[in-house]
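Read-outs throughout are calculated quantities, based only on the coordinates presented, and are distinct from any laboratory measurement. Bear in mind the structure is a predicted one, so any value in this text is a computation, not a measurement. Cβ atoms come from the backbone with ideal geometry, glycine included; neighbour counts cover every protein chain shown.
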Amino acid sequence: MADVGGWSTIESDEGLFTSLIETLGVKDTQFEELISLDADTIRSLGPVYGVIFLFKWTRETNSARAEVPLDGTYDQTAPDNLFFAAQTIQNACGTQAILSVILNHDNPASPQPAITLGDELRSFKEFTTGFPPELRGEALSNSEAIRTAHNSFARASPFADETARPQDDEKGADVYHFIAYTPVNGTLYELDGLQPYPISHGECGSGEFPEKVIEVLQRRIARYPPEETHFNLMAVVRDPRERAREIGDVETLEREEREEGCVAVGEYVETA
């Protein structure tokens, strides 16, 4: 694991993550916080490209670099078009989890709309195609454009990156980690840069993602003691304004435009 290399921690916030990918040139995609673990909530946001999961990292509930994962199976022969990068730098796991979803849905085989990448991310993906995970991770860590975008949203965060202080869990400090779950090529993948390979959670056909990912998340959360509640879950979805335009839903479009305007005004007042 390399040192921090100028990467700062970022807060787990759906608005911040949306702004981050927009800074990198991604269009018509946003993040929505999920406040309940049920498939209907995820389905209501469709199309959903994946979810980002923030959790408390402990040695007892994780198997980083183990021979077998605690759930699912390592896919050591994952297809070349699956973007998976090892985490080689501290504080980058949030942005790495985001890219693990975004870069796997710019040209999906499923009927859902593709995510539109900006020039920077498109070039990065093309450059790293065929790289092994470690080399992809190094390329991500060394990307000036991605690091600059990441650091532009750095804030004081209650969540310490698990890779920044790997011994802290032994000293009683809380450390956290971001990972991604996303369907690619008909398989539900868990993409965790601290693992040696993508983790397969089995077949995941079109429309099955909400049920499948909830089952996996429930098993993962069950490994924690009942009093542990420090989890955060966000869905990566198509901008609802684009969905409304496509189906001619004027009411939803007007509501979303009003809400977007309120957010913009609030951000302006806050920084004035």
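Here are the numbers for this structure:
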read-out: Burial ranking of peptide ranges 79-87, 180-188 (average Cβ count within 10 Å, highest at the top); value: 180-188, 79-87
read-out: Amide H contacts of His177 (H built 1.01 Å from N, under 5 Å, at least 5 apart or other chain); value: Phe55, Trp57
read-out: For Glu33, Glu67, order by how many other beta-carbon atoms lie within 10 Å, fewest first; value: Glu67, Glu33
read-out: Packing rank of 223-230, 36-43, 114-121, where each peptide gets the mean count of other beta carbons within 10 Å, highest leading; value: 114-121, 36-43, 223-230
read-out: Proxy reagent accessibility, fewest Cβ within 10 Å first, across Val68, Val26; value: Val68, Val26
read-out: Glu11, Glu144 arranged by Cβ crowding within 10 Å, fewest neighbours leading; value: Glu144, Glu11
